[in-house]
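Everything below concerns the one structure shown next.
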Amino acid sequence: MELKGAAALAVALTAAAGPSFAAVTVSSQNCLHLSASVKGANKRAEIKKQNANYAVNLLQEVMKTADLTQVTPGLPGTYLVQASPLKGQSSYKEKYAVIYSNTQAISGALVDYPLTAKFARPPSGVLLNDGTGSYIWFIDFHAVFGKTVKMRRDEATAMAPVYTWFKAVNAGGRTSNRIVMAGDWNLGATDAGFTSLKALSTTMKVEPNVKTSLTRAGAPSEPYDHFVYDSSKVNAGTFMLTPFPANKTPKWYRDNVSDHRGISCVIP
């Protein structure tokens, strides 16, 4: 039977749809200089495989030459990409990238927090559909490492105004007070640098607090990667380290992919 009009359109849209997720699965990954280099072929292949497991992927350390189509999974159009300009207050610059299933319809374009001396790389955010018609800001962030821990703490402290600022941003005619900040903070979750963020709400959470950075031997080192969110607004849970590639050692991963494990969570 030939389908016409709205029925035919519905079938076409279903066929073109991306992967189906029962909840919003989110990952954050410091990519350790994701670029188009010949040496980075293994990195790009593994990050692409990893991204296919999540509805929303927030990437840090994306370099100037990176071709994000090489880490975007699925058939063309099943995952979409938003990337920031290159950011940095020195000759070293990197960008943020968010790769997300096309079922998480975006509201407006990626938004960059205004340039300020308070950040080496001011964060960027996208407003995405959580699958129920409600929207969540996903904010991508990579803190400076710096010469002292104070520099990292100062940036974490400055993320409290960022949180408040994004609540007022109008993206595609929408605003949202549901915010998830994710990335490499270069601080443990209990560090004093998070005091200002936690002061915004008694239900503000910093998760997980597990060792994510890796030594050159592939051993767990420091708990640097976290999601920051208000649990009264966002029901995040099931915090995990993203798995190592099948049949690969932690040392292989450190040598070929990144000096950070990715982290993930689920938002029902």
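The values are calculated or read from the model by the stated rules, or taken from the named source; none is laboratory data. Keep in mind it's a predicted model, so treat the numbers as computed, not measured. Note: ideal-geometry Cβ built from the backbone for every residue, glycine included; neighbour counts use all protein chains shown.
I'm told Asn42 meets every condition in (1) more than 22 Å from Ser124 (Cβ to Cβ); (2) surrounded by 20 or more Cβ atoms within 10 Å (Cβ to Cβ) except one. Can you identify the failing condition by its number?
With respect to (1) more than 22 Å from Ser124 (Cβ to Cβ); (2) surrounded by 20 or more Cβ atoms within 10 Å (Cβ to Cβ), Asn42 is out only on (2).
Residues are listed down the side, and each one gets a yes or a no for (1) touching a helix residue (DSSP H, G or I) at 6+ places or on another chain (Cβ under 8 Å); (2) at positive phi; (3) part of a helix (DSSP H, G or I); (4) modelled with pLDDT under 95:
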site: Lys198; (1), (2), (3), (4): no, no, yes, no
site: Ser201; (1), (2), (3), (4): no, no, no, no
site: Lys205; (1), (2), (3), (4): no, no, no, no
site: Arg216; (1), (2), (3), (4): yes, no, no, no
site: Pro223; (1), (2), (3), (4): no, no, no, no
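Give me the pairs: first residue in region 177-196 and farther than 22 Å from Glu61 by Cβ, second residue surrounded by fewer than 18 Cβ atoms within 10 Å (Cβ to Cβ) and basic (Lys, Arg), beta-carbon distance under 8 Å, and six or more apart or on different chains, which are they?
Going by the 8 Å Cβ cut-off, the qualifying pairs are Asn177/Lys167; Asn177/Lys233; Arg178/Lys233; Ile179/Lys167; Ile179/Lys233.
Could you please give the count of residues in region 51-86 that are of a type in the set (D, E, K, R) and either surrounded by 21 or more Cβ atoms within 10 Å (Cβ to Cβ) or touching a helix residue (DSSP H, G or I) at 6+ places or on another chain (Cβ under 7 Å) (or both)?
Of the residues in region 51-86, 1 are of a type in the set (D, E, K, R) and either surrounded by 21 or more Cβ atoms within 10 Å (Cβ to Cβ) or touching a helix residue (DSSP H, G or I) at 6+ places or on another chain (Cβ under 7 Å) (or both).
For region 101-115, which positions are over 8 Å from Asn129 (Cβ atoms) and crowded, with 19+ Cβ neighbours inside 10 Å?
Those that are over 8 Å from Asn129 (Cβ atoms) and crowded, with 19+ Cβ neighbours inside 10 Å: Ser101, Leu110, Val111, Tyr113.
Residues to consider are Ala246, Ala192, Ala219, Ala199; find the one that is closer than 20 Å to Asn51 by Cβ, surrounded by fewer than 20 Cβ atoms within 10 Å (Cβ to Cβ) and of a type in the set (Gly, Ala, Ser). Show your work before the answer.
On the way: Ala192 fails: closer than 20 Å to Asn51 by Cβ; Ala219 fails: closer than 20 Å to Asn51 by Cβ; Ala199 fails: closer than 20 Å to Asn51 by Cβ.
The match here is Ala246.
If Pro161 passes every condition in (1) without any contact (Cβ under 8 Å) to a residue 12 or more places away in the chain; (2) in a strand (DSSP E or B) but one, which one does it miss?
Status for Pro161: all satisfied but (2).
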